[in-house]
Amino acid sequence: MNKTFVSFSAKNIDAKLPKYRQLINSLLQDIEMGELKPGERLPSINEASEECYLSRDTVERAYTELHKMGVITSIFRKGYFISESKLKTKTKVLFLVGKITDSNKSIYDAFCSHVGKHFHVDIFTYQYKSQQFQEIINLQLGNYHYYVVMPHLIEAEDSILTCLNKISGDRLLLLDQNFEQIRHTHASLVCEPAKQIVQIFTTQLNLFNKYRAFNLVLTEEDYFDPQWINGCREFCESISMDFQVLDGLEQEDIRLGEIYFTLADMELAKAIHYADKLELRLGKDIGVLAHNDSCLKDILAGGITVLSSQPDQMGTIAAQMLLDHDKTSKKIELKLIVRKSL
């Protein structure tokens, strides 16, 4: 029975591409997803022309190019078939982030490592701008098999939801934020820090009780989830500890008996530098806590305590969800690694 190209008309193919190229991309995507298997017969040029509403010349050009690529083969008077050769076209993934931060790079590297060599993953950045976010997705529709999107600082507005709804649900994976308003089922992997921060810090009261105030250090240049503020504030209220949010860190902000939780590594470096200039000992005179781990934080200033959203694990789990065609919503747990600085 001939393959019917229902998927060709249903897929989100980039309308800017020539028709023959759209047909080629659709066939390659079907092969990658296992919808077309080696040895399976394709419609004749006339049949494909009718089913896809394309000219006969367009279909013939697509088939000719696929034949040159070794993707399909032809048998005289029997038609066109998916090649039995070992040719393997790579599955293409668009990986969209706000900026390439250390954490995002860790997620990306772990993702690429886990999906393996048969995947080609392109990373794009939208600089936390909604218009650029939409432009990238709209321009790249149909060019990739999967879309892994990290919508930081992007609100669930109608234009954003319309944009994301153009991606088939089984091709979309949202990281670190989930838009439940999207009409189709899609995969998501999120970290919900507010409740976790309270729970984790409460189990380590011996580390916090020796300090009188808690400072959460943010910067306008880097993304942060407001839940980090909510979680830290709620914890401090539960133990009657003073709490404030600092926009960047200056030397005069460093005070005896206070904790400094830095979300950006640049602010962590400042905290260590200022403490050294003021002859304040980390873990004794002041407490220092950083976001996400690295090999340097294990040895820096005798060891920096970190609260990690486990970016390596996020990248690995996201890759496995894609490989498994898993369209569920999963959560990443925070992990506190206690070292000398607290």
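For the chain, what is the charge dipole size about the Cα centre, in debye to the nearest 20, if Lys and Arg each add +1 at the Cβ and Asp and Glu each add -1 at the Cβ?
1400
I need the calculated FRET efficiency for the pair E252 and Q204, taking r as the beta carbon distance and R₀ as 22 Å, to the nearest 0.05.
Computed FRET efficiency for E252 and Q204: 0.20.
When only C-alpha pairs under 8 Å and at least 6 residues apart count, what is the relative contact order of the chain, in percent?
Once normalised by length, the contact order is 15 percent.
Note the angle between two axes, namely the Cα long axis of helix 226-238 and the longest principal axis of the Cα atoms of the chain, as a number of degrees from 0 to 90, rounded to the nearest 10.
30
If you take every DSSP beta bridge whose two residues both sit in the chain, what share of them, in percent to the nearest 5, is antiparallel?
Among the beta bridges of the chain, antiparallel pairing accounts for roughly 15 percent.
Pairs of Cα atoms under 8 Å, at least six residues apart: use those to get the relative contact order of region 193-308, whole percent.
25
What distance in nm separates the simple spin-label points at E180 and D242, each placed 7 Å from Cα in the Cβ direction?
3.9
In the neighborhood of E220, defined by Cβ-to-Cβ distances under 14 Å, what is the net charge if each Lys or Arg adds +1 and each Asp or Glu adds -1?
Summing Lys/Arg as +1 and Asp/Glu as -1 gives -3.
Angle check, please: helix 56-69 long axis (alpha carbons) against the longest principal axis of the chain (alpha carbons), in degrees 0 to 90, nearest 10.
So the inclination is approximately 60 degrees.
Of the listed peptides 164-176, 194-206, what is their order by residue-averaged count of other C-beta atoms within 10 Å, with the highest listed first?
Ranking, from highest mean packing down: 164-176, 194-206.
Going down the table (K105/K166; K129/K210; K210/K335; K68/K99), which pairs top 31 Å between alpha carbons?
K129/K210; K68/K99
Taking 22 Å as R0, compute the FRET efficiency from the Cβ-Cβ separation of S329 and S168 and round it to 0.05.
Result of the calculation: an efficiency of 0.80.
Against the longest principal axis of the chain, how steep is helix 102-115, in degrees 0 to 90 to the nearest 10, with axes from Cα atoms?
Roughly 40 degrees, rounded to the nearest 10.
Throughout, read-outs are computed from the coordinates displayed, never taken from laboratory work. These numbers come from a predicted model, not from an experiment. We place every Cβ from the backbone using ideal geometry, glycine too, and count neighbours over all the protein chains shown.
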